[in-house]
Amino acid sequence: MTCELMTPTRRAVLGASGALFAWAFIPRFAHAAGGRDPRFITIILRGALDGLTAVPPVGDPDYQALRQAIAMTTSGPEAALPLDSFFALHPSMPNFNRLYRAGQAAVVHASATPYRDRSHFDGQDVLESGYEMPGRVESGWLNRMLEGLPKGDKVSPGASEIRGLSVGANAPLVIRGEAPVLGWSPSTLQPVSDDLPPRLMDLYNHTDPLFAKILTEGISTGKIAAGLDVKAKGGPGDPTGMEQMARGAARLLAQDDGPRVAALAFEGWDTHAGEVDRLNKLLVGLDNSFAAFQQELGPAWKDTAILVATEFGRTAQVNGTQGTDHGTGTAAFLAGGAIKGGRIIADWPGLKQAQLRDGRDLAATTDLRAVVKGIAVDLLGASPALLTRDVFPGSDHVLPMKGLIA
(Lines give C-alpha, C1' and ligand atoms only; values in the text may rest on other atoms or scores of the structure.)
Protein backbone atom coordinates (compact mmCIF):
# COMPACT_ATOMS: atom_id res chain seq x y z
CA MET A 1 0.00 0.00 0.00
CA THR A 2 1.22 3.50 -0.83
CA CYS A 3 0.12 5.84 1.96
CA GLU A 4 0.45 9.26 0.35
CA LEU A 5 -1.56 12.40 -0.17
CA MET A 6 -3.42 10.96 -3.14
CA THR A 7 -6.68 9.17 -3.94
CA PRO A 8 -6.13 5.42 -3.60
CA THR A 9 -8.90 3.03 -4.46
CA ARG A 10 -11.14 1.86 -1.67
CA ARG A 11 -10.09 -1.76 -2.25
CA ALA A 12 -6.38 -0.89 -1.97
CA VAL A 13 -6.81 1.03 1.26
CA LEU A 14 -9.14 -1.44 2.95
CA GLY A 15 -6.76 -4.23 1.98
CA ALA A 16 -4.25 -2.81 4.42
CA SER A 17 -6.72 -1.85 7.11
CA GLY A 18 -6.30 -5.11 9.01
CA ALA A 19 -2.62 -4.40 9.46
CA LEU A 20 -3.23 -0.81 10.54
CA PHE A 21 -5.96 -1.69 13.03
CA ALA A 22 -3.99 -4.63 14.37
CA TRP A 23 -1.33 -2.25 15.62
CA ALA A 24 -3.47 -1.57 18.66
CA PHE A 25 -3.06 -5.17 19.70
CA ILE A 26 0.67 -5.64 19.13
CA PRO A 27 2.59 -5.74 22.42
CA ARG A 28 5.64 -3.57 22.76
CA PHE A 29 9.11 -4.87 23.55
CA ALA A 30 9.23 -6.45 26.98
CA HIS A 31 12.85 -5.36 27.25
CA ALA A 32 15.85 -4.61 25.11
CA ALA A 33 19.51 -4.38 25.94
CA GLY A 34 20.14 -1.45 28.28
CA GLY A 35 16.47 -0.48 28.42
CA ARG A 36 16.68 0.88 24.87
CA ASP A 37 13.88 1.81 22.51
CA PRO A 38 15.63 0.25 19.49
CA ARG A 39 15.16 0.54 15.74
CA PHE A 40 16.36 -2.10 13.30
CA ILE A 41 16.50 -1.31 9.57
CA THR A 42 17.34 -3.79 6.83
CA ILE A 43 18.31 -2.51 3.38
CA ILE A 44 18.45 -5.09 0.59
CA LEU A 45 20.71 -4.28 -2.40
CA ARG A 46 19.17 -6.22 -5.29
CA GLY A 47 21.51 -7.30 -8.07
CA ALA A 48 24.59 -8.39 -6.08
CA LEU A 49 27.01 -5.78 -4.75
CA ASP A 50 30.70 -6.09 -5.63
CA GLY A 51 32.24 -6.03 -2.16
CA LEU A 52 35.76 -5.91 -3.63
CA THR A 53 34.96 -2.51 -5.14
CA ALA A 54 32.76 -1.12 -2.36
CA VAL A 55 35.35 -2.05 0.29
CA PRO A 56 38.56 -2.88 -1.59
CA PRO A 57 41.25 -4.91 0.20
CA VAL A 58 44.05 -2.64 -1.01
CA GLY A 59 46.53 -4.31 1.34
CA ASP A 60 46.10 -7.77 -0.19
CA PRO A 61 49.18 -8.43 -2.38
CA ASP A 62 47.02 -10.11 -5.04
CA TYR A 63 44.34 -7.43 -5.27
CA GLN A 64 45.81 -5.10 -7.90
CA ALA A 65 46.69 -7.82 -10.41
CA LEU A 66 43.33 -9.53 -9.96
CA ARG A 67 41.23 -6.40 -10.40
CA GLN A 68 43.36 -4.79 -13.09
CA ALA A 69 41.68 -1.71 -14.61
CA ILE A 70 39.02 -1.41 -11.90
CA ALA A 71 41.43 -1.83 -8.97
CA MET A 72 41.36 1.03 -6.47
CA THR A 73 44.19 2.74 -4.61
CA THR A 74 44.36 5.17 -1.68
CA SER A 75 46.27 7.79 -3.65
CA GLY A 76 45.77 9.77 -6.83
CA PRO A 77 42.48 10.75 -8.52
CA GLU A 78 39.33 9.10 -7.13
CA ALA A 79 41.36 7.66 -4.25
CA ALA A 80 39.65 5.18 -1.97
CA LEU A 81 39.20 6.20 1.68
CA PRO A 82 41.51 4.21 3.99
CA LEU A 83 39.67 2.37 6.76
CA ASP A 84 42.70 0.60 8.18
CA SER A 85 46.04 -0.65 6.87
CA PHE A 86 44.37 -3.34 4.75
CA PHE A 87 40.89 -2.19 3.71
CA ALA A 88 39.63 1.01 2.11
CA LEU A 89 36.20 2.43 1.27
CA HIS A 90 34.85 3.53 -2.08
CA PRO A 91 35.24 7.32 -2.46
CA SER A 92 31.50 7.72 -3.10
CA MET A 93 30.81 6.93 0.58
CA PRO A 94 32.06 9.89 2.69
CA ASN A 95 29.05 9.72 5.03
CA PHE A 96 29.71 6.09 5.87
CA ASN A 97 33.38 6.95 6.36
CA ARG A 98 32.39 9.70 8.82
CA LEU A 99 30.21 7.27 10.77
CA TYR A 100 33.02 4.70 10.71
CA ARG A 101 35.42 7.25 12.20
CA ALA A 102 32.83 8.06 14.88
CA GLY A 103 32.55 4.37 15.84
CA GLN A 104 29.01 4.11 14.42
CA ALA A 105 29.64 1.99 11.32
CA ALA A 106 31.37 -1.26 10.47
CA VAL A 107 31.88 -3.61 7.54
CA VAL A 108 31.45 -7.39 7.58
CA HIS A 109 33.62 -8.55 4.68
CA ALA A 110 33.81 -11.92 2.93
CA SER A 111 30.24 -12.59 4.05
CA ALA A 112 27.34 -14.38 2.36
CA THR A 113 24.10 -16.26 2.89
CA PRO A 114 24.09 -20.10 2.61
CA TYR A 115 23.30 -19.77 -1.12
CA ARG A 116 26.15 -20.88 -3.41
CA ASP A 117 24.71 -20.76 -6.93
CA ARG A 118 24.39 -17.77 -9.26
CA SER A 119 20.68 -17.04 -9.78
CA HIS A 120 19.49 -13.60 -8.68
CA PHE A 121 15.98 -14.93 -8.10
CA ASP A 122 17.07 -17.81 -5.88
CA GLY A 123 19.77 -15.79 -4.16
CA GLN A 124 17.31 -13.08 -3.17
CA ASP A 125 14.86 -15.76 -2.04
CA VAL A 126 17.43 -17.23 0.37
CA LEU A 127 18.60 -13.79 1.55
CA GLU A 128 15.10 -12.55 2.33
CA SER A 129 13.22 -15.71 3.29
CA GLY A 130 15.85 -16.87 5.79
CA TYR A 131 15.65 -20.49 4.63
CA GLU A 132 18.76 -22.37 3.56
CA MET A 133 17.35 -23.24 0.14
CA PRO A 134 15.15 -21.31 -2.31
CA GLY A 135 11.51 -22.08 -2.81
CA ARG A 136 10.06 -21.10 0.58
CA VAL A 137 8.69 -17.65 -0.19
CA GLU A 138 5.60 -17.34 1.99
CA SER A 139 7.30 -15.12 4.59
CA GLY A 140 10.56 -13.34 5.34
CA TRP A 141 12.94 -13.66 8.29
CA LEU A 142 12.40 -10.07 9.44
CA ASN A 143 8.65 -10.54 9.70
CA ARG A 144 8.99 -13.85 11.54
CA MET A 145 11.46 -12.22 13.93
CA LEU A 146 9.05 -9.35 14.50
CA GLU A 147 6.25 -11.80 15.23
CA GLY A 148 8.30 -13.74 17.77
CA LEU A 149 9.99 -10.96 19.75
CA PRO A 150 9.35 -10.81 23.51
CA LYS A 151 5.85 -9.66 24.44
CA GLY A 152 5.14 -6.90 26.95
CA ASP A 153 2.24 -6.61 29.34
CA LYS A 154 0.61 -3.51 27.81
CA VAL A 155 -1.20 -3.45 24.50
CA SER A 156 -2.67 0.04 24.44
CA PRO A 157 -2.72 2.11 21.23
CA GLY A 158 -0.22 4.94 21.26
CA ALA A 159 2.39 2.97 23.21
CA SER A 160 5.65 1.96 21.54
CA GLU A 161 4.35 -1.30 20.14
CA ILE A 162 6.41 -3.61 17.99
CA ARG A 163 5.67 -2.49 14.43
CA GLY A 164 7.03 -3.17 11.00
CA LEU A 165 7.45 -0.79 8.08
CA SER A 166 7.77 -1.75 4.43
CA VAL A 167 9.18 0.98 2.17
CA GLY A 168 8.63 0.89 -1.57
CA ALA A 169 5.92 0.16 -4.08
CA ASN A 170 6.21 -3.58 -3.35
CA ALA A 171 6.92 -5.00 0.09
CA PRO A 172 10.30 -6.78 0.15
CA LEU A 173 9.94 -10.49 0.88
CA VAL A 174 12.08 -10.10 3.99
CA ILE A 175 9.24 -8.27 5.81
CA ARG A 176 6.23 -10.14 4.41
CA GLY A 177 4.35 -12.46 6.72
CA GLU A 178 1.74 -12.63 9.46
CA ALA A 179 3.10 -9.82 11.62
CA PRO A 180 1.30 -6.63 10.56
CA VAL A 181 3.34 -4.00 8.75
CA LEU A 182 2.70 -0.53 7.43
CA GLY A 183 3.47 0.12 3.75
CA TRP A 184 4.73 3.46 2.48
CA SER A 185 6.30 4.59 -0.78
CA PRO A 186 7.35 8.06 -1.96
CA SER A 187 4.82 9.50 -4.35
CA THR A 188 5.72 10.09 -7.98
CA LEU A 189 2.35 11.72 -8.70
CA GLN A 190 1.69 15.43 -8.93
CA PRO A 191 0.42 16.86 -5.62
CA VAL A 192 -3.32 17.28 -5.34
CA SER A 193 -5.03 20.57 -4.54
CA ASP A 194 -5.12 21.56 -0.86
CA ASP A 195 -8.88 21.28 -0.64
CA LEU A 196 -9.20 17.76 -2.08
CA PRO A 197 -8.33 15.75 1.09
CA PRO A 198 -10.83 17.66 3.30
CA ARG A 199 -13.55 17.23 0.68
CA LEU A 200 -12.86 13.50 0.43
CA MET A 201 -12.87 13.15 4.20
CA ASP A 202 -16.20 14.95 4.47
CA LEU A 203 -17.67 12.67 1.80
CA TYR A 204 -16.45 9.41 3.35
CA ASN A 205 -17.29 10.42 6.92
CA HIS A 206 -20.92 10.47 5.81
CA THR A 207 -20.90 7.50 3.47
CA ASP A 208 -18.13 5.12 4.56
CA PRO A 209 -16.70 5.71 8.09
CA LEU A 210 -14.37 2.69 7.89
CA PHE A 211 -12.74 3.96 4.71
CA ALA A 212 -12.59 7.48 6.18
CA LYS A 213 -10.62 6.22 9.16
CA ILE A 214 -8.08 4.37 7.01
CA LEU A 215 -7.78 7.30 4.60
CA THR A 216 -7.08 9.63 7.54
CA GLU A 217 -4.28 7.35 8.76
CA GLY A 218 -2.84 7.05 5.27
CA ILE A 219 -2.78 10.80 4.74
CA SER A 220 -1.17 11.28 8.14
CA THR A 221 1.48 8.67 7.37
CA GLY A 222 2.25 10.30 4.04
CA LYS A 223 2.69 13.71 5.64
CA ILE A 224 5.03 12.36 8.33
CA ALA A 225 7.13 10.37 5.91
CA ALA A 226 7.44 12.68 2.95
CA GLY A 227 6.82 16.13 4.36
CA LEU A 228 4.48 18.55 2.65
CA ASP A 229 7.13 19.99 0.34
CA VAL A 230 9.20 16.92 -0.59
CA LYS A 231 8.58 14.73 -3.63
CA ALA A 232 10.70 11.82 -4.81
CA LYS A 233 12.48 12.39 -8.13
CA GLY A 234 13.68 8.84 -8.68
CA GLY A 235 13.00 5.23 -7.87
CA PRO A 236 14.82 2.59 -5.78
CA GLY A 237 17.64 2.36 -8.35
CA ASP A 238 18.29 6.10 -8.42
CA PRO A 239 20.40 7.99 -5.83
CA THR A 240 17.71 10.59 -5.20
CA GLY A 241 15.04 7.93 -4.87
CA MET A 242 17.15 5.92 -2.40
CA GLU A 243 17.71 8.97 -0.22
CA GLN A 244 14.02 9.89 -0.26
CA MET A 245 12.99 6.35 0.68
CA ALA A 246 15.41 6.45 3.61
CA ARG A 247 14.30 9.91 4.71
CA GLY A 248 10.63 9.00 4.68
CA ALA A 249 11.26 5.73 6.52
CA ALA A 250 13.30 7.54 9.16
CA ARG A 251 10.54 10.08 9.78
CA LEU A 252 8.08 7.29 10.46
CA LEU A 253 10.53 5.35 12.63
CA ALA A 254 11.29 8.48 14.66
CA GLN A 255 7.68 8.81 15.83
CA ASP A 256 7.03 7.81 19.44
CA ASP A 257 4.14 5.59 18.33
CA GLY A 258 5.64 4.65 14.98
CA PRO A 259 7.28 1.51 13.60
CA ARG A 260 10.45 0.08 15.12
CA VAL A 261 11.56 -2.32 12.37
CA ALA A 262 11.79 -1.47 8.67
CA ALA A 263 12.81 -2.99 5.34
CA LEU A 264 13.85 -1.21 2.14
CA ALA A 265 15.13 -2.55 -1.20
CA PHE A 266 17.45 -0.64 -3.53
CA GLU A 267 17.70 -1.86 -7.10
CA GLY A 268 20.28 -2.02 -9.88
CA TRP A 269 23.46 -3.49 -8.35
CA ASP A 270 24.09 -6.02 -11.16
CA THR A 271 27.34 -4.67 -12.65
CA HIS A 272 28.18 -6.94 -15.57
CA ALA A 273 29.52 -4.03 -17.62
CA GLY A 274 30.94 -0.58 -16.88
CA GLU A 275 31.08 -1.27 -13.17
CA VAL A 276 33.11 1.81 -12.22
CA ASP A 277 30.58 4.40 -13.40
CA ARG A 278 27.56 2.40 -12.28
CA LEU A 279 28.80 1.83 -8.73
CA ASN A 280 29.94 5.44 -8.43
CA LYS A 281 26.31 6.48 -8.88
CA LEU A 282 24.66 3.75 -6.82
CA LEU A 283 26.99 4.08 -3.84
CA VAL A 284 26.23 7.82 -3.66
CA GLY A 285 22.57 6.91 -3.15
CA LEU A 286 23.35 4.34 -0.46
CA ASP A 287 25.75 6.71 1.29
CA ASN A 288 23.26 9.58 1.31
CA SER A 289 20.71 7.18 2.78
CA PHE A 290 22.91 6.67 5.84
CA ALA A 291 23.06 10.44 6.33
CA ALA A 292 19.29 10.76 5.87
CA PHE A 293 18.60 8.13 8.52
CA GLN A 294 20.94 9.79 10.99
CA GLN A 295 19.46 13.23 10.39
CA GLU A 296 15.77 12.27 10.46
CA LEU A 297 15.90 9.77 13.33
CA GLY A 298 17.28 12.41 15.68
CA PRO A 299 17.61 11.10 19.26
CA ALA A 300 16.45 7.63 18.15
CA TRP A 301 19.68 7.24 16.13
CA LYS A 302 21.61 6.26 19.24
CA ASP A 303 19.55 3.06 19.55
CA THR A 304 19.44 2.27 15.82
CA ALA A 305 21.11 -0.52 13.85
CA ILE A 306 21.09 -0.60 10.03
CA LEU A 307 22.07 -3.72 8.10
CA VAL A 308 22.80 -3.48 4.36
CA ALA A 309 22.96 -6.87 2.62
CA THR A 310 22.90 -8.28 -0.91
CA GLU A 311 22.11 -11.71 -2.37
CA PHE A 312 25.72 -12.59 -3.27
CA GLY A 313 28.95 -10.96 -4.43
CA ARG A 314 30.70 -10.65 -7.78
CA THR A 315 33.52 -12.59 -9.40
CA ALA A 316 36.97 -11.60 -8.20
CA GLN A 317 38.23 -11.38 -11.77
CA VAL A 318 37.05 -8.68 -14.14
CA ASN A 319 35.22 -9.67 -17.34
CA GLY A 320 35.77 -8.32 -20.85
CA THR A 321 33.33 -5.43 -20.45
CA GLN A 322 34.99 -3.92 -17.37
CA GLY A 323 32.40 -5.46 -15.12
CA THR A 324 32.06 -8.51 -12.90
CA ASP A 325 29.77 -11.52 -12.97
CA HIS A 326 27.79 -13.37 -10.31
CA GLY A 327 29.96 -14.51 -7.42
CA THR A 328 29.85 -15.50 -3.75
CA GLY A 329 31.48 -13.51 -0.95
CA THR A 330 30.77 -9.79 -0.59
CA ALA A 331 30.60 -7.00 1.98
CA ALA A 332 27.73 -6.15 4.34
CA PHE A 333 27.44 -2.72 5.95
CA LEU A 334 26.39 -1.92 9.51
CA ALA A 335 25.57 1.61 10.70
CA GLY A 336 23.77 3.34 13.53
CA GLY A 337 24.36 4.71 16.99
CA ALA A 338 23.84 1.24 18.48
CA ILE A 339 26.59 -0.33 16.34
CA LYS A 340 30.00 -0.97 17.86
CA GLY A 341 31.79 0.35 14.81
CA GLY A 342 35.07 1.73 13.59
CA ARG A 343 36.24 -1.70 12.43
CA ILE A 344 36.25 -4.27 9.66
CA ILE A 345 34.92 -7.66 10.74
CA ALA A 346 36.52 -10.27 8.51
CA ASP A 347 38.20 -13.64 8.48
CA TRP A 348 39.97 -12.74 5.26
CA PRO A 349 40.25 -15.73 2.90
CA GLY A 350 42.82 -14.23 0.52
CA LEU A 351 42.76 -13.59 -3.23
CA LYS A 352 45.27 -16.10 -4.55
CA GLN A 353 43.91 -18.42 -7.21
CA ALA A 354 43.86 -21.38 -4.82
CA GLN A 355 42.01 -19.30 -2.20
CA LEU A 356 39.18 -18.21 -4.48
CA ARG A 357 35.98 -20.25 -4.47
CA ASP A 358 35.84 -22.28 -7.71
CA GLY A 359 38.91 -20.30 -8.76
CA ARG A 360 36.81 -17.20 -9.43
CA ASP A 361 34.93 -15.90 -6.34
CA LEU A 362 35.82 -14.27 -3.06
CA ALA A 363 35.26 -17.11 -0.57
CA ALA A 364 32.67 -16.50 2.13
CA THR A 365 34.00 -16.93 5.67
CA THR A 366 31.18 -15.23 7.61
CA ASP A 367 27.55 -16.37 7.54
CA LEU A 368 25.27 -13.35 7.25
CA ARG A 369 22.77 -15.08 9.53
CA ALA A 370 25.25 -14.81 12.40
CA VAL A 371 25.25 -11.03 11.95
CA VAL A 372 21.46 -10.80 12.02
CA LYS A 373 21.28 -13.10 15.04
CA GLY A 374 23.80 -11.00 16.94
CA ILE A 375 21.81 -7.81 16.37
CA ALA A 376 18.50 -9.51 17.18
CA VAL A 377 19.76 -10.92 20.49
CA ASP A 378 21.76 -7.97 21.78
CA LEU A 379 19.62 -5.08 20.50
CA LEU A 380 16.09 -6.46 20.28
CA GLY A 381 16.11 -9.08 23.05
CA ALA A 382 15.31 -12.00 20.74
CA SER A 383 15.95 -15.50 22.01
CA PRO A 384 18.54 -17.64 20.17
CA ALA A 385 16.02 -20.48 20.15
CA LEU A 386 13.49 -18.34 18.26
CA LEU A 387 16.12 -17.33 15.71
CA THR A 388 17.13 -20.93 15.03
CA ARG A 389 13.65 -22.43 15.08
CA ASP A 390 11.51 -19.80 13.31
CA VAL A 391 13.61 -17.01 11.84
CA PHE A 392 16.43 -19.00 10.21
CA PRO A 393 15.31 -22.65 10.22
CA GLY A 394 18.20 -25.08 10.01
CA SER A 395 20.76 -22.58 11.29
CA ASP A 396 21.47 -24.21 14.65
CA HIS A 397 25.16 -24.41 13.67
CA VAL A 398 25.27 -20.61 13.19
CA LEU A 399 25.84 -18.80 16.49
CA PRO A 400 24.91 -15.14 17.06
CA MET A 401 27.88 -12.88 16.36
CA LYS A 402 28.93 -11.20 19.59
CA GLY A 403 30.04 -7.62 20.07
CA LEU A 404 28.13 -5.95 17.23
CA ILE A 405 26.09 -3.74 19.55
CA ALA A 406 27.69 -0.97 21.58
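So here's what we get for this one:
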{"read-out": "Residue match in the stretch 285-296 (condition: open to solvent by 10 Å² or more (accessible area, probe 1.4 Å) and either touching a Ser or Thr at 6+ places or on another chain (Cβ under 8 Å) or over 19 Å from ARG98 (Cβ atoms) (or both))", "value": "no"}
{"read-out": "Residues of the stretch 237-264 that turn out to be in contact with a strand residue (DSSP E or B) (Cβ under 8 Å, 6 or more places away or on another chain) and over 18 Å from GLN294 (Cα atoms), as a count", "value": "2"}
{"read-out": "Residue count, the stretch 35-49 (criterion: part of a strand (DSSP E or B), of a type outside the set (A, V, I, L, M, F, W, C) and closer than 22 Å to GLY237 by Cα)", "value": "1"}
{"read-out": "Members of the stretch 248-276 that are polar (S, T, N, Q) and open to solvent by less than 10 Å² (accessible area, probe 1.4 Å)", "value": "THR271"}
{"read-out": "Failed condition for ALA69, given (1) among the aliphatic types (A, V, I, L, M); (2) in a helix (DSSP H, G or I); (3) at pLDDT 95 or above; (4) surrounded by fewer than 16 Cβ atoms within 10 Å (Cβ to Cβ)", "value": "(3)"}
{"read-out": "Qualifying positions in the stretch 113-132 - open to solvent by 10 Å² or more (accessible area, probe 1.4 Å), among the small types (Gly, Ala, Ser) and within 16 Å of the chain's Cα centre (by Cα)", "value": "none"}
{"read-out": "Odd one out for ALA382 among (1) touching a strand residue (DSSP E or B) at 6+ places or on another chain (Cβ under 7 Å); (2) modelled with pLDDT under 95", "value": "(1)"}
{"read-out": "Matching residues in the stretch 80-96 - criterion: being open to solvent by 30 Å² or more (accessible area, probe 1.4 Å) and either in contact (Cβ under 8 Å) with a residue 40 or more places away in the chain or within 19 Å of VAL284 (Cα to Cα) (or both)", "value": "LEU81, PRO82, ASP84, PHE86, PRO91, PRO94, ASN95"}
{"read-out": "Condition broken by GLU147, with the remaining ones in (1) in a helix (DSSP H, G or I); (2) modelled with pLDDT of 95 or more; (3) open to solvent by 40 Å² or more (accessible area, probe 1.4 Å) satisfied", "value": "(2)"}
{"read-out": "Conditions (1) at pLDDT below 95; (2) assigned to a helix (DSSP H, G or I): number failed by GLU138", "value": "(2)"}
{"read-out": "Residue that is among the acidic types (Asp, Glu), farther than 16 Å from ILE43 by Cβ and touching a residue at least 40 places away in the same chain (Cβ under 8 Å), where the choices are GLU128, GLU132", "value": "GLU132"}
{"read-out": "Residue list for the stretch 97-110, filter: touching a residue at least 12 places away in the same chain (Cβ under 8 Å) and either in contact with a helix residue (DSSP H, G or I) (Cβ under 9 Å, 6 or more places away or on another chain) or assigned to a helix (DSSP H, G or I) (or both)", "value": "ASN97, LEU99, TYR100, ARG101, GLN104, ALA105, ALA106, VAL107, VAL108, HIS109, ALA110"}
{"read-out": "Residue in the stretch 310-326 that is open to solvent by less than 10 Å² (accessible area, probe 1.4 Å), over 25 Å from ARG98 (Cβ atoms) and hydrophobic (A, V, I, L, M, F, W, C) present", "value": "yes"}
{"read-out": "Enumeration of residues in the stretch 352-376 that are surrounded by fewer than 21 Cβ atoms within 10 Å (Cβ to Cβ) and more than 18 Å from the chain's Cα centre (by Cα)", "value": "LYS352, GLN353, ALA354, GLN355, ARG357, ASP358, GLY359, ARG360, ALA363, THR365, THR366"}
{"read-out": "Lone unmet requirement of (1) free of Cβ contacts under 8 Å to residues at least 24 places away in the same chain; (2) touching a Pro at 6+ places or on another chain (Cβ under 6 Å) for THR365", "value": "(1)"}
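Let's see how each residue does on (1) small (Gly, Ala, Ser); (2) at pLDDT below 85; (3) open to solvent by 10 Å² or more (accessible area, probe 1.4 Å); (4) part of a loop (DSSP other than H, G, I, E, B):
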site	(1), (2), (3), (4)
GLY158	yes, yes, yes, yes
LEU165	no, no, no, no
ALA169	yes, no, yes, yes
GLY183	yes, no, yes, no
GLN190	no, yes, yes, yes
ASP194	no, yes, yes, yes
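Each row is one residue, and each column tells you yes or no for (1) touching a Lys or Arg at 6+ places or on another chain (Cβ under 6 Å); (2) farther than 25 Å from ASP37 by Cα.
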{"residue": "ASP358", "(1), (2)": "no, yes"}
{"residue": "THR366", "(1), (2)": "no, yes"}
{"residue": "VAL371", "(1), (2)": "no, no"}
{"residue": "VAL377", "(1), (2)": "no, no"}
{"residue": "LEU380", "(1), (2)": "no, no"}
{"residue": "THR388", "(1), (2)": "no, no"}
{"residue": "VAL398", "(1), (2)": "yes, yes"}
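Rundown of residues vs (1) part of a loop (DSSP other than H, G, I, E, B); (2) in contact with a helix residue (DSSP H, G or I) (Cβ under 9 Å, 6 or more places away or on another chain), yes/no style:
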{"site": "ALA309", "(1), (2)": "no, yes"}
{"site": "PHE312", "(1), (2)": "yes, yes"}
{"site": "GLN317", "(1), (2)": "yes, yes"}
{"site": "GLN322", "(1), (2)": "yes, yes"}
{"site": "LEU334", "(1), (2)": "no, yes"}
{"site": "ALA364", "(1), (2)": "yes, no"}
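The values are calculated or read from the model by the stated rules, or taken from the named source; none is laboratory data. Model, not experiment: these values are computed from the prediction. In this analysis, Cβ positions are derived from the backbone assuming ideal geometry, glycine residues included, and neighbour counts consider all displayed protein chains. All accessible areas refer to the heavy atoms of the entire protein, side chains included, with ligands and DNA or RNA removed. Shrake-Rupley method; radii C 1.70, N 1.55, O 1.52, S 1.80 Å.
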